[in-house]
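> Handing you this structure, nothing more for now.
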Amino acid sequence: MIRDEAVIFLCPSCGEGRLEESRFSCGGCGKQYPAVSGIPLLFREPREVLEAWAERLANFVRESDESTKQLLKDAVEPGLLDRSRRRLVDTAEGLEARKEQVLSLFRRAGIEPSRAAHDSELESILSYVALVHRDFGWDEEDEARASLEAVLSVVGEQFRLGRTLVLGAGTGRLAWDLGNALSSSDPILLFDINPLPFLIGEALRRGETLELAEIPGHPRRSNQAVMKRTLRAANPPPPGLRYIFADALSPPLERGSFDTIVAPWFLDQVPSDLATMLPKIRDLLRPGGSFLHFGPFVYHPKRTRPAHRYTADEFVQLVLREGFSVEKATYEPMRYLGSPASTQSRVEYVLTLHAKSVETPSAPLALESDPRWLDERELPIPRFTVSPSFELPHTAPRRVSELVNGTRCLSEIASVLVEEGHLADDGTALTATRACLKVLWKMRVREPSD
Ligand SMILES: C[S@@+](CC[C@H](N)C(=O)[O-])C[C@H]1O[C@@H](n2cnc3c(N)ncnc32)[C@H](O)[C@@H]1O
């Protein structure tokens, strides 16, 4: 059985059988799962995934060859500056070099470009290549360092990761750094569906170095059109780090398996409605386990309807509503993918949030029912003090706690929040206020009479 200590993998196909470790086969339906370059492919139809990767590789080769040809044609245009001509030729050579480097990486994994008809709608095989250079290729480490510091700032340096799952891990760099910073020796499972960053991450995890040319779309100087990059890990991997190809939207894992789940730059971009992921995350966590969200709220306009393009404060509300307590959160601008060789870089407001799945109450607490003033909206709410260790994540909950004065009731507090613009006047204010009050009440300093 694939058992990373207490982590149990379920068959992605039948959803019930547990996976046998040695052959990646389901103990229930008997289905076998292949591995590429040592990374298991835990997809319902792994063969189809491999075929799609082969098609994407073929698209990449075709597009790369077309661009090379065009650049070489452009390079003979009369009247060009020498350095412009040089830039075009360098780029063409860089494209050739990068093509061979990518093909060699996939060849080692047993994947060749497909010869079948190509579906040009498929995502580019290079779509996350910028992450690879940022995480393992640039000399400057400032983005990786800032990411690690942001996450450590909400969990604290004494935090114990325990069994950890990372959703949409990219290259795995953040998990790598977190595991080392927090001296984790527990399993850290990385889930992703994109091959290039994972094949590279796994090779580096085994101690290899790789070459992969960086070709910034908008180079800072004419001699930076192609940057030779050697990909290497600055530190050895934490011992439990493990790359696994699997769909993070429906992780094939047994409930309650994890102490920590990390979603770095994932929830806004990937599911069409991130709210649907929160119950899944809570289910996979043990009671009291930690959910670490790290990322901005930038949605794919085609994938996510406006109703589901939650802002950071809406996201915090959703997290609270899902039965998490928010331990600490920051919301700060961060630089993103600013290559030292490029004129371009983005700055995004990033929410770094540490939430805990609220423990199933122990026996005496289980008897505690919600106070009546939560249901009966006209009853006055008694004053109470919120535990100082509970950092109020943003303005609405903070305002709710200020408004509890011993005489106001739920509907009055909701009205004030609407008047002051903390909540929308769309019929949801009462529910949102009740959710806030419920969490604040749970987080109160208990009186001896409680
Ligand atoms: C914006 S990137 C962030 C990557 C990484 N977490 C980071 O911070 O650098 C989103 C990641 O989600 C991955 N992804 C997309 N859909 C996925 C899915 N269904 N399951 C797992 N990973 C997915 C992409 O391949 C990509 O690596």
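> Taking the stretch 128-147, which residues are open to solvent by 30 Å² or more (accessible area, probe 1.4 Å) and in contact with a Leu (Cβ under 8 Å, 6 or more places away or on another chain)?
Matches in the stretch 128-147: 128, 130, 134.
> Considering only the stretch 219-238, state which residues are open to solvent by 100 Å² or more (accessible area, probe 1.4 Å) and in a loop (DSSP other than H, G, I, E, B).
Listed by number, the residues that qualify are 220, 221, 228, 232.
> Mind checking which residues of the stretch 190-199 are within 12 Å of the ligand (Cβ to nearest atom) and either in contact (Cβ under 8 Å) with a residue 60 or more places away in the chain or in a helix (DSSP H, G or I) (or both)?
Once the filter is applied, which keeps residues that are within 12 Å of the ligand (Cβ to nearest atom) and either in contact (Cβ under 8 Å) with a residue 60 or more places away in the chain or in a helix (DSSP H, G or I) (or both), the stretch 190-199 yields 191, 193, 194, 195, 196, 197, 198.
> When only residues in the stretch 18-30 that are part of a loop (DSSP other than H, G, I, E, B) and either β-branched (Val, Ile, Thr) or within 27 Å of the chain's Cα centre (by Cα) (or both) count, which is farthest from residue 248 (Cα to Cα)?
Once the filter is applied, the top-ranked residue is 21.
> Among the numbered criteria (1) assigned by TED's automatic domain parsing to the domain that holds residue 179; (2) within 13 Å of the ligand (Cβ to nearest atom), which one does residue 138 miss?
That leaves (2) as the condition not met.
> Now for a different question. Considering only residues that are more than 14 Å from the ligand (Cβ to nearest atom) and either in a helix (DSSP H, G or I) or under 11 Å from the mean Cα position of the chain (by Cα) (or both), look in the stretch 253-283 and name the one that is surrounded by the fewest Cβ atoms within 10 Å (Cβ to Cβ).
Looking at residues that are more than 14 Å from the ligand (Cβ to nearest atom) and either in a helix (DSSP H, G or I) or under 11 Å from the mean Cα position of the chain (by Cα) (or both), I get 279.
> Looking at 380, 306, can you tell me which residue is at pLDDT 85 or above and in the same structural domain as residue 144 (by TED's automatic domain parsing)?
306
> For the stretch 207-216, which residues satisfy the criterion of being in contact (Cβ under 8 Å) with a residue 40 or more places away in the chain and open to solvent by 70 Å² or more (accessible area, probe 1.4 Å)?
Correct list: 211 only.
> Can you name the residue in the stretch 149-170 that is under 21 Å from residue 337 (Cα atoms) and open to solvent by less than 30 Å² (accessible area, probe 1.4 Å) and is also farthest from the ligand (Cβ to nearest atom) among such residues?
152
> Among the numbered criteria (1) open to solvent by 70 Å² or more (accessible area, probe 1.4 Å); (2) part of a helix (DSSP H, G or I), which one does residue 67 miss?
(1)
> Okay, moving on. Test each condition in (1) more than 13 Å from the ligand (Cβ to nearest atom); (2) open to solvent by less than 30 Å² (accessible area, probe 1.4 Å) for residue 176 and report the one that comes out false.
For residue 176, the failing item is (1).
The values are calculated or read from the model by the stated rules, or taken from the named source; none is laboratory data. Because the structure is predicted, anything quoted here is derived from the model rather than measured. Don't worry about glycine lacking a Cβ; one is built from the backbone with ideal geometry, like all the others, and counts go over all protein chains shown. These area figures cover heavy atoms from the full protein model, side chains too; ligands, DNA and RNA do not enter into them. Shrake-Rupley method; radii C 1.70, N 1.55, O 1.52, S 1.80 Å.
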